[in-house]
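These notes are about the structure you will find just below.
Where a number appears in this text, it was derived from the coordinates with a stated rule and is not lab data. Predicted model only: the values in this text are computed from it and were never measured. Cβ atoms come from the backbone with ideal geometry, glycine included; neighbour counts cover every protein chain shown.
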């Protein structure tokens, strides 16, 4: 049960039974999560994806509290809101829609 | 995070609510036999999922569970007389048997009596596994009793306690399946700080939890969906070639079995909604192979682990919110994380501090919360399924509850479900 790195992952390393290591909300982390969402089908996979998006939402939420730069704050706020929606889409098993939404936020 | 609508869906269990209808599809523990100890003993109040009920043991020893309000003028049957195979309302003498049938309308002239047309709400009960269970759902969907191993061992192998927790049931279950909090909430200061003296004390322990829990405080969570609910598998690093696995069983709608190491006793819980702001915590300790040991009884008496002393009339814990769980700040400063005695009271204190119903829209979850996320999704799936007329599988298949948890070391190349397969089979 290994975790995948947060700096991008090759297609061979995408395993929906693995939890993506979420320590930031970088484009690489989001691409990693998207790649895993696209191959997630089972109940357990969707739970892991939901947990990963929860982690991204949490981190963006913490940043929003402290970010003073208005431009950056707006960008993080968009991502924060988008991840919330993607999270709910994954919870509803709408993985295609979730992946598309996250891709639009990159 | 959880959307507000989903939080409402999960947490409201009154009659007619989706989660209320779901819970009512299962047999639920409702009374200790000691609450209605003898035929014709006094009736007792029982509050379940927002319903105020009265339980009584009739002359034949059967337990009735009726609506508290007499259908005549809504007087409370708590004041009733338990006599000659029925409970008689003391206001006008109407009497009801355990099935809710009115068997006497003492105040009406004979020619005006219509007792054969009068019923009060009554729920079937069963005595099973040292408890009294009730089914509050539609008669045509009455399920099987769950084949829980603890319900099948002899009385001498089992101890059950009941307490009232002033929170919604859901955050109580979440506490029960969240293994990572035990490294903090239940830790001694030595364990939390991983002192040399603590390492020395546990390094040769036969108790795997004592030995490995402190070594890795950021465990890996994974879950596996099963017929009965979930296996929540938590992995910690052990020796170089091993992992220490703790496998908790979550069984729908609200049972858990704490990870069990062969040779020790097993513990588990069931949380039953009292109403939206309170739940009954049923805690069981059992040994499948032998009567409970002296050490087990000491842990129960001293409240060091999962049981807590309660007021026998109300089941409110002795350590409670009003007395701040009898916190000892000096002990918190010098000995353990909380200054509160016993795992049960520590859990209750922290869960009650979250409010009667947690506002889950304001959570900040991470990947270590995987078990909680999985449990919520599973419950939501079942609750929404029932809204679409899909009856819960687990309720109708009592045999799927016949499992154990596990606490074990496995080689790092062994998957937990394979490596623990034999250990997780119940035997009694």
Residue B:4-residue A:97 pseudo-label distance in nm [points 7 Å out on the Cα-to-Cβ vector]: 2.0 nm
Rg in Å to one decimal, and Dmax rounded to a whole Å, for the protein assembly as shown via C-alpha atoms: 25.4, 87
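Rounded, prolate or oblate: which fits the range B:287-363, taking a ≥ b ≥ c as square roots of the Cα gyration tensor eigenvalues, rounded meaning a/c under 1.5, else prolate when a/b beats b/c? Before the final figure, lay out the partial values.
Details: a/c = 1.80, a/b = 1.48, b/c = 1.22.
Prolate, because a/c is 1.5 or more and a/b exceeds b/c.
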Of the residues B:82, B:323, B:21, which exhibits the maximal mean-square fluctuation in a Gaussian network model of chain B defined by a 10 Å Cα contact cut-off? B:323
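By the gyration tensor of its Cα atoms, with a ≥ b ≥ c the square roots of the eigenvalues, what is the shape of the range B:45-98: rounded for a/c under 1.5, prolate for a/b over b/c, or oblate? Mind showing how you got there, number by number?
Numbers: a/c = 2.30, a/b = 1.10, b/c = 2.10.
Cα axes put the range B:45-98 in the oblate bin.
Roughly how crowded by other chains is peptide A:53-59, in terms of the mean Cβ count from those chains within 10 Å of each of its Cβ atoms?
Per-residue shielding by partner chains comes out at 5.
What does the convex hull of the Cα atoms of the range B:234-279 come to per residue, in Å³, rounded to a whole number?
Values: hull volume 4.6 nm³, N = 46.
Roughly 99 Å³ of hull volume per residue.
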Could you give the distance between the Cα centres of the range A:33-106 and the range B:156-185, to the whole Å? 31 Å
Residue A:17 and residue B:264 label points (each 7 Å along its Cα→Cβ direction) are spaced in nm at 2.8 nm
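Which whole number gives the average, over all residues in B:355-365, of C-beta atoms from other chains lying within 10 Å of the residue C-beta? Display every interim value, and only then the final one.
Working: counts 0, 0, 0, 0, 0, 0, 1, 1, 4, 7, 8.
Taking the mean over all residues of the peptide, I get 2.
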In a Gaussian network model of chain B with springs linking alpha carbons closer than 10 Å, the residue among B:180, B:407, B:197 that fluctuates most is B:197
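How would you rank B:105, B:49, going from fewest to most other Cβ atoms within 10 Å of each one's own Cβ?
Details: B:105 19, B:49 24.
Sorted ascending by nearby Cβ count, the order is B:105, B:49.
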Select from B:185, B:65, B:148 the residue whose mean-square fluctuation is largest in a Gaussian network model of chain B (Cα-Cα springs shorter than 10 Å). B:185
Given the DSSP H assignment, sum -39500 (n - 2.57) over each helix run of at least 4 residues in chain B and divide by its residue total; what's the result at 222 nm in deg cm²/dmol, nearest 500? -5500 deg cm²/dmol
Checked the range B:33-134 against the a/c 1.5 cut and the a/b vs b/c comparison, axes a ≥ b ≥ c from its Cα gyration tensor; verdict prolate
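Considering every residue in A:20-26, what mean count of other chain Cβ atoms within 10 Å of its Cβ is obtained?
Details: counts 1, 1, 2, 1, 0, 0, 0.
Mean shielding by partner chains, rounded to a whole number: 1.
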Using alpha carbon centroids, what distance separates the range B:403-417 and the range B:19-38, in Å? 33 Å
Over the residues of chain B, compute the C-alpha Rg and express it relative to 2.2 N^0.38 Å. 1.05
Multiplying the sequence separation of residue B:423 and residue B:126 by 0.36 nm and subtracting their Cα-Cα distance, what value in nm do you get? 103.9 nm
Highest mean first, what order results for B:1-14, B:243-256 on Cβ atoms within 10 Å? B:243-256, B:1-14
